[in-house]
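The structure appears below as structure tokens.
The values are calculated or read from the model by the stated rules, or taken from the named source; none is laboratory data. These numbers come from a predicted model, not from an experiment. Virtual Cβ from ideal backbone geometry, glycine too; neighbours counted across all protein chains shown. Side chains are part of the model used for accessible areas, which takes the heavy atoms of the whole protein and leaves out ligands, DNA and RNA. Shrake-Rupley method; radii C 1.70, N 1.55, O 1.52, S 1.80 Å.
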Amino acid sequence: MNINETDRVEEEAEMVLEQLRPRMRTARVGHLRRMAAVVAVVPLIGFGAAAMAADGGTGVTIDAAPVSIPDDPADVGVAGSEEAIASLGNPADETASTTSSTTTTATTLQITDEKSVTLGVYGTAIVVPEGDSFALASIEPAAGWELVSAEIVDGVLVVVIADGEHMKAIKIRPGVRDQIDIRIVDVVIPPTTTKAPPATVSPVVDRWVVEVPGKGSFVVERSGDVLFLGNVTDADGFVHDVVKAEGWKVHVAFTDGAWLWHGKAYIDDAGRVQQHFWDEAKIPDPVYQWVEIPGVGAAKFKLWNNQVYVKETAPSIGFSSFVHTEVGTTVKVDFEGEGQLWFIDVGILEGQMVWDITNATPPPPTTTTAPPPTTTAPPATTAPPPTTTAPPATTTTAPA
């Protein structure tokens with residue numbers, strides 16, 4: 001067979017392919033290519049037989065160019081694509097035709113990415129891929145449970161359901177080998193004076209048990225940048241006191257009556273949860289005492305943590321009060337009025353409050369009585385009787 005004959009055979013094959021194309025619109029392109037190859041071979045065989053007869057049956061040499069038939073329809077770059085399906089037309093518009101003893105029927109493949117997942121005792125859900133995560137298509141919660149919210153948090157689909165008393169956060173994420181990873185955790189509703197709508201509650205991220213060895217333990221739950229205090233368990237012989245139950249830290253103290261053991265969990269500057277423990281002597285409850293001065297007034301004192309405090313004064317009518325020292329190991333109050341002055345001094349002796357009352361009223365002034373005046377005059381002094389006798393005359397003798 002020469003080259004011209006080979007070209008003619010290929011043209012005949014193309015004509016046959018063009019005649020078959022409208023009838024095979026529902027078949028895949030790959031199938032058409034395979035059928036075209038078969039049709040191309042049939043006239044070659046017929047032509048070869050005629051040539052053998054003309055040549056005396058000695059044989060035929062075929063120099064036709066080889067036909068490439070892909071094993072996978074995807075190799076042609078069209079099969080399976082939307083363009084290929086559109087080019088084949090609507091199978092419903094054509095009646096299936098028989099080209100040989102075998103009838104070829106095309107099947108439209110419905111591709112869906114929905115995945116049904118079981119949520120344990122809480123129901124079932126259908127999710128669809130969304131980016132690197134899943135989105136919730138529908139959910140059928142178990143009896144008594146209702147959907148609260150569904151959102152993607154850090155690449156994880158978080159579905160929150162509630163039954164009125166409890167709340168669960170169901171975390172759904174892609175797993176390995178096309179599996180779906182499902183985790184269910186409790187959601188803690190922080191105590192509030194008014195019940196907030198469940199949709200405002202964020203899923204719990206982490207949970208810890210803080211152990212104060214030998215004294216007790218408490219549960220800490222984290223939601224975002226907030227810690228919440230959960231259940232508190234006391235060891236035998238101990239009771240607890242909640243210092244702080246919510247915020248960037250939680251704080252619980254355990255006591256046996258004489259000593260305190262503290263446990264604290266807090267979020268540090270790096271966003272990590274840390275724990276801190278310490279202990280100290282228990283400070284007794286404050287002691288209050290009224291001290292009264294009858295008819296003058298009274299004062300109320302407090303003893304706490306080895307300090308005395310003046311809390312209140314109540315002077316009687318006609319008196320006023322003055323606080324000399326308000327707080328310290330000793331304090332002092334005075335009352336003054338109606339010419340009186342009183343002091344109350346309070347101190348601490350062997351852990352107990354002691355006091356002293358002092359009357360500082362000055363004594364009345366001393367009155368001195370003057371002696372009665374003397375009315376009797378002293379006896380009169382009698383003058384001596386006058387002298388009547390003249391002294392003797394003195395004779396003076398003149399000198400010679």
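Observations
- A search for C-beta distances below 8 Å between a residue of region 148-163 that is closer than 17 Å to Gly224 by Cα and any residue that is charged (D, E, K, R) and not in a strand (DSSP E or B), counting only pairs 6+ apart in sequence or on different chains, returns Gly155/Asp132.
- Residues that are without any contact (Cβ under 8 Å) to a residue 40 or more places away in the chain and assigned to a loop (DSSP other than H, G, I, E, B) were ranked within region 291-305; the one that is nearest to Thr329 (Cα to Cα) is Asn305.
- Filtered residues of region 273-297 (kept if modelled with pLDDT of 90 or more and charged (D, E, K, R)): Glu292
- Remark: pairs (first residue in region 333-352, in a loop (DSSP other than H, G, I, E, B); second residue open to solvent by 40 Å² or more (accessible area, probe 1.4 Å) and acidic (Asp, Glu); Cβ separation under 8 Å; 6+ apart in sequence or on different chains) are absent.
- In region 134-173, the residues that are touching a Ser or Thr at 6+ places or on another chain (Cβ under 7 Å) and either more than 15 Å from Val121 (Cβ to Cβ) or open to solvent by less than 70 Å² (accessible area, probe 1.4 Å) (or both): Ile152, Gly155, Val156, Leu157, Val160, Arg173
- Residue match in region 261-274 (condition: β-branched (Val, Ile, Thr) and either more than 30 Å from Ser223 (Cα to Cα) or more than 32 Å from the chain's Cα centre (by Cα) (or both)): no
- Applying the condition of being outside any loop (DSSP other than H, G, I, E, B) and among the aliphatic types (A, V, I, L, M) to region 307-331 and asking which residue is most open to solvent (accessible area, probe 1.4 Å) yields Val327.
- In the set Asp234, Asp269, only one residue is of a type outside the set (S, T, N, Q), open to solvent by 30 Å² or more (accessible area, probe 1.4 Å) and touching a Phe, Trp or Tyr at 6+ places or on another chain (Cβ under 9 Å); that residue is Asp234.
- With respect to the stated conditions, Trp304 is in contact with an Asp or Glu (Cβ under 9 Å, 6 or more places away or on another chain), open to solvent by 80 Å² or more (accessible area, probe 1.4 Å), hydrophobic (A, V, I, L, M, F, W, C) and closer than 23 Å to Thr325 by Cα.
- Of the residues making up region 272-290, those that are touching a strand residue (DSSP E or B) at 6+ places or on another chain (Cβ under 9 Å), open to solvent by 60 Å² or more (accessible area, probe 1.4 Å) and not in a strand (DSSP E or B) are Lys282, Ile283, Pro284, Asp285.
- Residue within region 378-394 that is at pLDDT 95 or above, of a type in the set (A, V, I, L, M, F, W, C) and out of contact with any Pro (no Cβ under 8 Å at 6 or more places or on another chain) present: no
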